[in-house]
1. Where does the Debye-calculated log10 I(q)/I(0) of region 13-98 sit at q = 0.17, 0.20, 0.22 Å⁻¹, using only Cα point scatterers of equal weight, no solvent?
2. How much length is gained on full extension from GLN272 to LYS79, taking 0.36 nm per residue of separation minus their Cα-Cα distance?
3. Past 32 Å, Cα to Cα: identify those pairs from LYS51/LYS232; LYS51/LYS79; LYS95/LYS239; LYS79/LYS253; LYS107/LYS295; LYS305/LYS332, in the order given.
4. Distance between Cα centroids, region 270-319 to region 13-64: provide it in whole Å.
5. Treating cross-link reach as a plain straight distance, find the aspartates and glutamates whose alpha-carbon is under 20 Å from the alpha-carbon of LYS149, omitting any fewer than eight places away in the same chain.
6. Suppose each label sits 7 Å from its Cα in the direction of the beta carbon; what would the CYS247-HIS357 distance come out to in nanometres?
7. What is the distance in Å between the Cα centroid of region 66-132 and that of region 217-234?
8. What nm value, rounded to one decimal, do you get for the distance between ASP294 and SER313 when each label is placed 7 Å out toward the C-beta?
Amino acid sequence: MAEEIKKEPPANFKITIDNITIEVPPGTTILNAARMIGPEVAPPAMCYYSKLKDSGGKCRTCLVEVAAGSTADPRPMPKLVASCRTNVMDGMVVKNVTSEKTLDARKGVVEFLLINHPLDCPICDQAGECHLQDLSYEHGVVQTRYEFKRRAFVREDIGPYIQLHMTRCILCYRCVYVADQLTDNRVHGILDRGDHSDISTYISKAIENDFSGNMIDVCPVGALTDRTFRFKNRVWFLKPMDAHRDCDKCCGKVTLWNRGDEVYRVTTRKDQWGEVQNDENGKPMWICNNCRFDKKQTSDWVIEKPTSINRHSVISANHYQVKVMPHDPLDKLLNGRSPLLLMDIHEESKVNQQDVHLDELFGPATGKTFNGEPLATGHNVTDIKEGVGANTQGTDSTNPGTH
Ligand code: SF4
Ligand code: FES
């Protein structure tokens, strides 16, 4: 009997995206393979969220062209595919930004998403960190062609911390997955079908679960906003900082959004895809409502460092970071001595005298100060207020009566 030849699947699949070839483990989606290459070729994703199981496949912003299905069957796929839901095959060739078809389709998807979405970026709390706003700048058209009545909903407070602005919702389901996968008791979901679809709390129950605040972070648009932050500030005026505290419910690792000493809001730490970061063990660092909504004092936190923000983001405007410190020749010059030693002016200077401490004088030093009267001071004309002291005419360098 002829021996059955079993072909082992290759350890890794080779995939080419926008002319860049990479090897990825079987089972990787095209979107994640593209993310491994980098943000230049990664398709946008409005509904996929790698930390939420089963997310993706709803918004169609991640469509790509598959120019060759695999080495075994190199025929192109007849339609564009959702890259967040399509696994790579060995030898697959994918076109994202190099495909006119893809860019054209993405333009259409953005136009669809904006049919009902209000153009209220100037007053929306999500402005500056809204994925739809970025997408419309990159792929949108200047004008709308839609002439029919748009969907509009009344704003609704769902729970003490979250406000739902359903008119802005793009029905990506991310918040539903957060409620399903992070909280014990999901009380909201998408009700009805098609144009009538609506995110709503079941029989008007409020979302009060300890981790419900994470829904705000995953919402790609301004549909779910933080009621403790709404209309308080624009994100690009705030300075984000990584901070942590000991928390018995969550990891306690957050981003604080400060203006001066005031903490305006607390969010999860985000990665370059706008998703919550993983910790060193690969676990997403979701945060609890206590850290997010109740710890709004800088003293509640241990500040680590300024959060690094993508330099293309409007939030990074006016943030400066020195990545590489310039070489400091002082150490070598001082032969290992601490530069602070130089600060002892009395020891180093021939002019300044040991017993004269200028920082302790209440006025300017005079000749007397250095000639035996170390506490003697003169007058500073600008310190004398009008009508005070010996000169009742006031102080003025042209006034001969000025001391
Ligand atoms: S509220 Fe936000 S997160 Fe929830 S479905 Fe709508 S757009 Fe997505
Ligand atoms: S990100 Fe793939 S369909 Fe939404």
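1. Reported log10 I(q)/I(0), two decimals: -0.59, -0.83, -1.01.
2. Numbers: separation 193, 0.36 × 193 = 69.48 nm, distance 2.91 nm.
Full extension from GLN272 to LYS79 adds 66.6 nm.
3. Working: LYS51/LYS232 29 Å; LYS51/LYS79 28 Å; LYS95/LYS239 38 Å; LYS79/LYS253 43 Å; LYS107/LYS295 42 Å; LYS305/LYS332 29 Å.
Check vs 32 Å cut-off fails for LYS95/LYS239; LYS79/LYS253; LYS107/LYS295.
4. A separation of 24 Å, based on Cα centres.
5. Partners found: GLU111, ASP120, ASP192, ASP195, ASP198.
6. Simple spin-label model gives 4.7 nm for this pair.
7. Taking the Cα centre of region 217-234 as reference, the centre of region 66-132 is 26 Å away.
8. So the label points at ASP294 and SER313 sit 2.8 nm apart.
No lab work stands behind these numbers, since they all come straight from the coordinates. Worth saying up front: this structure is predicted, and the values here are computed from it rather than measured. As a convention, Cβ positions derive from the backbone with ideal geometry for all residues, glycine included, and neighbour counts pool all protein chains shown.
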